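The values are calculated or read from the model by the stated rules, or taken from the named source; none is laboratory data. From a predicted model like this one, the values you see are computed outputs, not experimental measurements. Because the Cβ atoms are built from the backbone with ideal geometry, glycine has one as well, and the counts that use them run over all protein chains shown.
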Amino acid sequence: MKPFTACPSAATRREFLKTSSAAVAGAVLTGGLGARARAANSDTLKVGLIGCGGRGTGAAGQALKADKNVVLTAVGDVFREACDGALNGLRNNAEIRDRVRVAPDHIFTGLDNFQKVIDSGVDVVLLASPPGFRPQHLRAAVAAGKHIFCEKPMATDPPGVRSVMESVRLAKEKNLALVAGFCWRYDFARREFYQRIHDGALGEIRAVHATYLTGPVKPMPPASSRPAGMGDVEWQVRNWYNFVWLSGDGLVEQACHSVDKILWAMKDVPPARAVATGGRVISNHEGNIYDHIDVFYEWPNGARATMAQRQIPNCYSDNSDYLLGEKGTGTIKGWAAPIIKAGETWRYRGPANDMYQTEHDELFASIRAGRPINDGDWMATSTLAAIMGRLAAYTGQEVTWEQALNSQWKLVPDNLTWDMKLPIEPMAVPGKTKLI
């Protein structure tokens, strides 16, 4: 798969729009599609938000700040209170409140809220529901010809990744923008760091060690707190992070950022195989995710990478990247400026940016320019690499890339309905749980 490319990393959104304006002579519709592949600066782009939690609300705000002629016209979430919370938060922001134009009949709820948002006349959709829903939502958005911001990860199981890969292929055919929520790829400092790595600053990469050592994200409440009459699906969706079919586990939902940076260092060449260890030491009541996983990846050329993920309270925290090459080392310690030590020392001293905002700046600039960004190949590779590590941890076996890619281990239920029975799958046990 090709290395990451996007809008020119040295260009600001304003510069990008200026250099591309000569090519933008008016709104040009792609053949038979409702979404614009190119839009003049005078065209209003309508945005729909699917998934109204904190990340979705943040993404909607960033979309509105990215382009002065963007309006939010539809929101959707399983829960009405989430929609109301997102809209209240956005309307309290003086900079963007005038462009929050969501009519009461464009607030959609229920499991089919995503389709209603997509069908409401929007040009761009922001996908920010729990990851288990992502393949279905992405497929529907591409089928409808919408430009897309797609939060990470893109799936929670191998069948979901294969669906995403097909959606990526169709998005390219339709010339649709598809920007991934792997936000570090939009950080100026890390862009320059990894570009230097790709240009040979460290020579051949021999090892990468990535850490994602934090506290718990969303602790699971005890079963006794479940309200009387609340069905299985609602209970699990309200506590989505703690169920592997919805979140993918902490490695896939959170530490996927670090897995993505490992793949970035390796020019998005997938690992050949992985082994892993993991388990749970803190009670999770009814949930079925691990609270720690360590993955050991290997590439065909013998390069190795380790991914240390832990979400246990009162422990040492670290979220860093350590690269070892034939010429020296590269280090990104937390949020600090990246450093390369290979003969002489290089430290990033360029401009800082808000990577979350840059994702949307470049998304909308690419639509205006008629050169839609498509992050699809590498976002699918990084998602599957994280799932591959979880498969290795859950089974206790070595898992190859081909096994992960072709696995039939399906987590997300078919034909999900609000009132269906959905027993909680038992937590995986290494050495007993089988790779499907």
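General remarks:
- Among the residues of segment 108-133, just one is part of a strand (DSSP E or B) and more than 18 Å from A63 (Cα to Cα), namely F108.
- Residue, nearest to the chain's Cα centre (by Cα), within segment 240-279, restricted to residues that are part of a loop (DSSP other than H, G, I, E, B) and within 24 Å of G53 (Cβ to Cβ): Q254
- Residue among D112, D67, D98, D105 that is under 24 Å from the mean Cα position of the chain (by Cα) and more than 19 Å from H147 (Cα to Cα): D112
- Of the residues L263, L323, the single one that is surrounded by 18 or more Cβ atoms within 10 Å (Cβ to Cβ), in contact with a Leu (Cβ under 7 Å, 6 or more places away or on another chain) and at pLDDT 95 or above is L323.
- Cross-chain or 6+ apart pairs with Cβ under 7 Å, segment 115-143 first and over 11 Å from P153 (Cα atoms) and modelled with pLDDT of 95 or more, then surrounded by 24 or more Cβ atoms within 10 Å (Cβ to Cβ) and hydroxyl-bearing (S, T, Y): H137/S129; L138/S167; R139/S167; V142/S167
- A Cβ distance below 7 Å, combined with a sequence gap of six or more or placement on separate chains, defines the contacts here; from segment 410-431, residues that are free of Cβ contacts under 8 Å to residues at least 40 places away in the same chain reach residues that are in a loop (DSSP other than H, G, I, E, B) in the pairs G431/G396.
- The residues of segment 117-132 that are of a type outside the set (V, I, T) and surrounded by 24 or more Cβ atoms within 10 Å (Cβ to Cβ), listed by number, are L126, L127, A128, S129, P131, G132.
- Residue check, A74 outside any loop (DSSP other than H, G, I, E, B) and either touching a helix residue (DSSP H, G or I) at 6+ places or on another chain (Cβ under 9 Å) or surrounded by 17 or more Cβ atoms within 10 Å (Cβ to Cβ) (or both): yes
- Subset of segment 169-199 [in contact (Cβ under 8 Å) with a residue 40 or more places away in the chain, outside any helix (DSSP H, G or I) and not hydrophobic (A, V, I, L, M, F, W, C)]: K174, N175, G181, D187
- Segment 224-239, residues that are in a helix (DSSP H, G or I) and either of a type in the set (G, A, S) or under 27 Å from Y356 (Cβ atoms) (or both): S224, S225, V237, R238
- Segment 333-347, residues that are among the hydrophobic types (A, V, I, L, M, F, W, C) and in a strand (DSSP E or B): I339, I340, A342, W346
- Condition broken by A94, with the remaining ones in (1) surrounded by fewer than 17 Cβ atoms within 10 Å (Cβ to Cβ); (2) part of a helix (DSSP H, G or I) satisfied: (2)
- Looking across segment 293-304 at every residue that is of a type outside the set (K, R) and touching an Asp or Glu at 6+ places or on another chain (Cβ under 8 Å), the one that is surrounded by the fewest Cβ atoms within 10 Å (Cβ to Cβ) is identified as N301.
- Residue among R191, R196 that is under 30 Å from A369 (Cα atoms), among the charged types (D, E, K, R), outside the structural domain of D119 (by TED's automatic domain parsing) and within 19 Å of the chain's Cα centre (by Cα): R191
- Test: residue in segment 187-210 that is surrounded by fewer than 17 Cβ atoms within 10 Å (Cβ to Cβ) and within 26 Å of K410 (Cα to Cα): no
- Only one of the listed residues (G350, G302, G330) is at pLDDT 95 or above and either in contact with a Ser or Thr (Cβ under 6 Å, 6 or more places away or on another chain) or in a strand (DSSP E or B) (or both). That residue is G330.
- Residue count for segment 374-405, restricted to those that are outside any helix (DSSP H, G or I) and either out of contact with any strand residue (DSSP E or B) (no Cβ under 7 Å at 6 or more places or on another chain) or buried (at least 23 other Cβ atoms within 10 Å of the Cβ) (or both): 4
- Taken residue by residue, segment 406-423 has at least one member that is in contact with a Pro (Cβ under 9 Å, 6 or more places away or on another chain), modelled with pLDDT of 95 or more and more than 30 Å from G231 (Cβ to Cβ).
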